[in-house]
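The values are calculated or read from the model by the stated rules, or taken from the named source; none is laboratory data. Note that the structure is predicted; figures quoted are calculated from it, not measured. All Cβ positions, even for glycine, are placed from backbone atoms using ideal geometry, and neighbour counts span all protein chains on display.
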Amino acid sequence: MASIEEPPFEAKPPAESYEPGSEADFERLYRNSYRRILGTLITLLRDRTTAEDCAQETYERAFRRWKDWRPEASAEAWLHRIAINVAISDRRHQRLRQAGELVRRLGRPAPGSDPSAVAERSDLFQAMKKLPAKQAAALVLRHYHGYSNREIAAALGVPEQTVASRLAAARQHLQAVLGRR
Amino acid sequence: MSDIERDFQKELEDELHRVLDPMSAMPIPPRRSAGKRIAARTVLGGAGAALTIKLLTGVAVAAAAVTVAGAATTGSINPAVWGQQVSQYVADCKAKLADGQHGIGDCVSDFSNQHGQGVASDARHQGSGSGSTNGHGNNSNANDHAKNKNRGPQTKGVSNQHDPTDPAVHATVTVSPQP
């Protein structure tokens, strides 16, 4: 698959301005945000392939509503909100799709050192995938992307206190699962 | 926040970066076009699917109708069969003519009537469906077979068959002698 060369990944870049409805701006938003959206989805979903599918689904949904987006809100926060909804929806359908996904993965040639294999070997990641999606999303937005609780609250459309509660519950659950308490 | 809690958060962040950073550094694929998927959905799903099915069904029905009509007309799926039968029968009629006798119209007319009645009978059977009854528990096909027994092998289940010599319907055809 052809790819677009990008500068090295940096967490939480300075906010860029976009014009709603502009296809060129949406393409720029895609290139600026894709890796972070994918990172979030990989944390929420079971494998990289599914996360990539959901990332594309996220941008398709976002593009359909792009003309309605309001610049007052962060475009990337808006994308994260859509991505988390896509991930939650995918989790619901996960069991139904397991058989088809297995066939598709068997059909893919092994690309050598697959970075997603690291995630599959990580106890922490395996534990995170068992968290409720909203808790896992809060965790990755806070501890990987570096968003504040207020920014997460704005992205997810929930009160800041809810974010704090989700983070506390997620950390408590992980500590229990990993035997750190 | 306790030291344990702080250490755990640090570990959490380190682990997230260790796992996600290599994946995030991979090339960005081209954005999937929603337009193509929408176009495909239009053709393959919803009203598009219904229209496609109707069109395919129409083509299939038309093809079947042509095949059935051809078979009913010629007695065979191959349209050349009836023509060959006629040619053969005309040749036979000519061969049966005695010396000095002219005209094979009666002979050909007899064959034509047999074929026409056979096609009509087949069409009636196809129209009523195989094994249909007449409301009295009698199978119409069986009735036709019974009539055929009384009429001999060349009169195939008809009641209004013309006499081969009926001049009002079949004019005599004169064929010039072969060189």
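Computed values, structure above
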{"quantity": "Selection from region B:1-16 of residues that are in contact with a Phe, Trp or Tyr (Cβ under 8 Å, 6 or more places away or on another chain) and either of a type outside the set (D, E, K, R) or more than 7 Å from chain A (Cβ to nearest Cβ) (or both)", "calculated": "B:L16"}
{"quantity": "Every pair of residues 6+ apart whose Cβ atoms lie under 7 Å, when the first sits in region A:21-38 and is within 16 Å of A:R81 (Cα to Cα) while the second is not in a helix (DSSP H, G or I)", "calculated": "A:L29/A:Y18; A:Y30/B:R31; A:Y34/B:I28; A:R35/A:F9; A:R35/B:I28; A:R36/A:H145"}
{"quantity": "Residue within region A:130-138 that is at pLDDT below 80 and closer than 16 Å to A:T43 by Cα present", "calculated": "no"}
{"quantity": "Selection within region A:142-181 - surrounded by fewer than 19 Cβ atoms within 10 Å (Cβ to Cβ), within 12 Å of chain B (Cβ to nearest Cβ) and without any contact (Cβ under 8 Å) to a residue 40 or more places away in the chain", "calculated": "A:A168, A:Q172, A:Q175, A:A176, A:G179, A:R180, A:R181"}
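Yes or no, residue by residue, for (1) at pLDDT below 90; (2) closer than 15 Å to A:T50 by Cβ:
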| position | (1), (2) |
| --- | --- |
| A:A83 | no, yes |
| A:V86 | no, yes |
| A:R91 | yes, yes |
| A:R104 | yes, yes |
| A:R108 | yes, yes |
| A:A154 | yes, no |
| A:P159 | no, no |
